[in-house]
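Worksheet for the structure shown next.
Laboratory data are not the source of any read-out in this text; all were calculated from the coordinates shown. No experiment lies behind these values; they were computed from the predicted model shown. A quick note on method: Cβ atoms are made from the backbone with ideal geometry, for glycine too, and the neighbour counts reach across all protein chains shown.
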Amino acid sequence: MNGSRHITLLLYEYIAGTLPPDQREEVRRHLETCTACLTAHQELQETVQHLRADDDPASALPAAFWQELLNDVSAQLPVRRRRRGAFAWVEEWWTFISIPRHQWVVGMSATAVLVALLVGSWIIFRSAPAPEQVAATVAPPAREVSTPIVNARIRQYLRKSKALLVEVNNMPLQEGVPVDLSIERQASRTLLHEARSLKGLPLDGRSAALISDLEKIQIALANSREQEETHGIRLIRGGIQEENLLFKIRIAETVFERIEDESQSPER
């Protein structure tokens, strides 16, 4: 039964002559022994021949019918407006202002625009602050300069923070298996204490911003569970990558190294 069903599915391609040689031979041999498939083959062949013998119904329609259909379709299509060039706009504008009554309208409009510009400029000039006021407003406040001792503390804090972030990023994760974060939680709490202590010291703007960004990750680690799920670890990693913290730490370390080199170099 399964063999007959397989042959039945191949009959149309067999009649059309599109089967590979091995399948065509298989169908031919089956038809010699199976009466049901042979009957199905004959019926399908008659149907295919009948369809091929029928004329195309569209060919029986007169040419006038197709022309009328084309006209109807063309009438319903939206009309695309042609884009006019710049020369056409200039020509129309020149024609418009060449009429005497239009010249009066254009002249009055230009005068009104000129008066509005003059009044607006005068108002802006009157309301503009004095140069010394602008300088006092725009000039940024003097930046606090960190001392060498503060810089050394910041560098040590960044070195420990980087080691913690690298450790979290390199943790092997396995779905369904919690990760032990007891050491990382304790390290984060120590770094949080150091970060709050550093914020009370004179810091440059870049270091203050970096410490604030690191605090967010350290808070997340300090508040995590000792046996944290992989989903929680991925969230923390996402925060590290989103803030680009490892790259920022490396830039800050490079700046501090340059400051140290300049302070140790002899004056010329």
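Some points to look at:
- Relative contact order, whole percent, for the stretch 151-268 stands at 37, derived from Cα pairs under 8 Å and 6 or more residues apart.
- Neighbour net charge for residue 183 - beta-carbon separation under 14 angstrom, K R +1, D E -1: -1
- Our estimate of slack between residue 190 and residue 39, defined as 0.36 nm per intervening residue step minus the Cα-Cα distance, is 45.5 nm.
- If you plug the beta carbon distance of residue 263 and residue 223 into 1/(1 + (r/R0)^6) with R0 = 45 Å, you get a FRET efficiency near 0.70.
- The label-point distance for residue 117 and residue 235, in a model that sets each label 7 Å from Cα toward Cβ, rounds to 6.0 nm.
- Residues in the stretch 224-268 reached by a label modelled at residue 153 [backbone nitrogen below 19 Å; 7 Å Cα→Cβ]: 253, 256-257, 260
- Cα gyration tensor, the stretch 2-49 - rounded (a/c under 1.5), prolate or oblate: oblate
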